[in-house]
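Student: Have a look at this one before I ask anything.
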Amino acid sequence: MLKTRVITALALLAGLLAAVFLLPAWGWLVFVSLVCGAAGAEWGGIVGFPTLRRRIFAILMAALCLAAGMVAGLHREETVAPFSLVPAYAASGLFWMLCVPFWLRARWALPGPGAASLVGLVLLLPPSLAMAHLRLLSPWLLLGVMAAVWVADIAAYFTGRAFGRRKLAPNISPGKSWEGAYGAVVGVVIYGLVCLSYFAPALDLSRVLVALPVLVGFTAVSIIGDLFESMLKRQAGIKDSGSLLPGHGGILDRIDSLTSTLPIAGLLVLWFAR
């Protein structure tokens, strides 16, 4: 199992790096739209859509991502600040920061296919557009944001294994602990400050004071994204969102934290581009 996971992870990393650095803007948008569609198919499986509705939802998600990206100009290399994405990013941010914490506390179930489709739209479209947006500005920017999420996951895992005592959400994800969450915060803060010092060598206290709450909030939203998918999978009685990635499950299993963090990163980029 471990060997399969490692081989799949290396293949995914190689494919991601090749796509990020080699595809033109329009090609990357098409690639992201296909990923959005595949994730939409998995979402349909999690919420119990029948096969036909699941396929239709996947096609609509891919088409909507492609259309929204083209309207925002994400298929053109010269696009710098697509402010038309602000409503999508803002809706995502409000969903993750104001709605999902209460959802996790109450452990609500989705009431029907209409609500499930709407949640899937908010869950998948904004991060897909953010992937196209951030990569358009710089492949390194996109990878840097994704790396912050990976740092949070890795730090949480090892800190939780070493020091975990108090369960973070035992009814949702029994393996996660408060100590692991604190480790994730420390890891992301260190990572963020190192990146900031590289791009702004004259790092002063004011910038650090601004960066710290942003990094802590980013980590919290990352953890919330992970917990949300874990809760929905537990309610659906499944372990993985899919089987597309041997040893890793489905696409949603690998991007659960990215669905909550990428739109926040896109919104911050647009804020500083004003």
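Student: Just name the residue that is nearest to Leu141 (Cα to Cα) out of those in region 20-29 that are over 18 Å from the mean Cα position of the chain (by Cα) and either acidic (Asp, Glu) or assigned to a helix (DSSP H, G or I) (or both).
Tutor: Phe21
Student: Continuing with the same structure: Could you check Pro174 against (1) out of contact with any helix residue (DSSP H, G or I) (no Cβ under 9 Å at 6 or more places or on another chain); (2) closer than 21 Å to Val145 by Cβ; (3) modelled with pLDDT of 85 or more and say which number it fails?
Tutor: The single condition Pro174 does not satisfy is (2).
Student: Same structure again: Among the residues of region 199-215, is there at least one that is among the small types (Gly, Ala, Ser), within 17 Å of Val151 (Cα to Cα), in a helix (DSSP H, G or I) and in contact with a strand residue (DSSP E or B) (Cβ under 8 Å, 6 or more places away or on another chain)?
Tutor: No, region 199-215 has no match at all.
Student: Identify, please: which residue in region 43-54 is part of a helix (DSSP H, G or I) and of a type in the set (A, V, I, L, M) and is, among those, modelled with the highest pLDDT? Steps first, answer last, please.
Tutor: We begin by selecting, within region 43-54, every residue part of a helix (DSSP H, G or I); these are 43-46, 51-54.
Filter once more, so that each one left must be of a type in the set (A, V, I, L, M): 46, 52.
On the way: Ile46: 90, Leu52: 94.
Top of the filtered list is Leu52.
Student: Ok, one more. In the set Val71, Val100, which member is among the β-branched types (Val, Ile, Thr), more than 24 Å from Leu22 (Cβ to Cβ) and touching a residue at least 24 places away in the same chain (Cβ under 8 Å)? Before you say what the answer is, go through the steps one by one.
Tutor: Numbers: Val71 fails: touching a residue at least 24 places away in the same chain (Cβ under 8 Å).
One residue alone meets the criteria, Val100.
Student: Hey, Gly40 hits all of (1) out of contact with any Phe, Trp or Tyr (no Cβ under 6 Å at 6 or more places or on another chain); (2) part of a helix (DSSP H, G or I) but one; which does it fall short on?
Tutor: Every condition holds for Gly40 apart from (1).
Student: Sort out which residues of region 163-184 are more than 16 Å from Glu229 (Cβ to Cβ), surrounded by fewer than 15 Cβ atoms within 10 Å (Cβ to Cβ) and in contact (Cβ under 8 Å) with a residue 12 or more places away in the chain, and write them in order of number.
Tutor: Scanning region 163-184 gives Phe163, Arg165, Arg166.
Student: Only one of (1) among the aliphatic types (A, V, I, L, M); (2) within 14 Å of His133 (Cα to Cα); (3) buried (at least 20 other Cβ atoms within 10 Å of the Cβ) is not met by Val86, so which one is it?
Tutor: (3)
Student: Return only the number of the condition from (1) in contact with a Pro (Cβ under 8 Å, 6 or more places away or on another chain); (2) part of a helix (DSSP H, G or I) that Ala9 does not satisfy.
Tutor: That leaves (1) as the condition not met.
Student: Here's a follow-up. Of all residues in region 123-161 being under 12 Å from the mean Cα position of the chain (by Cα) and among the β-branched types (Val, Ile, Thr), which is surrounded by the fewest Cβ atoms within 10 Å (Cβ to Cβ)?
Tutor: Filtering first and then ranking leaves Val145.
Student: Something else: Are any residues in region 197-235 among the aliphatic types (A, V, I, L, M) and either more than 28 Å from Val100 (Cα to Cα) or touching an Asp or Glu at 6+ places or on another chain (Cβ under 7 Å) (or both), and if so, which ones?
Tutor: Ala200, Ala202, Leu203, Leu205, Val208
Student: State all residues of region 40-59 that are among the hydrophobic types (A, V, I, L, M, F, W, C) and more than 20 Å from Ala109 (Cα to Cα); if no residue qualifies, say none.
Tutor: Leu52, Ile56, Ala58, Ile59
Student: List pairs: first in region 8-33 and closer than 18 Å to Leu262 by Cβ, second of a type in the set (S, T, N, Q) and assigned to a helix (DSSP H, G or I), Cβ under 6 Å, 6+ apart or cross-chain?
Tutor: Hits for this filter: Val32/Ser128.
The values are calculated or read from the model by the stated rules, or taken from the named source; none is laboratory data. Note that the structure is predicted; figures quoted are calculated from it, not measured. Backbone-built Cβ (ideal geometry, glycine too); neighbour counts: all protein chains shown.
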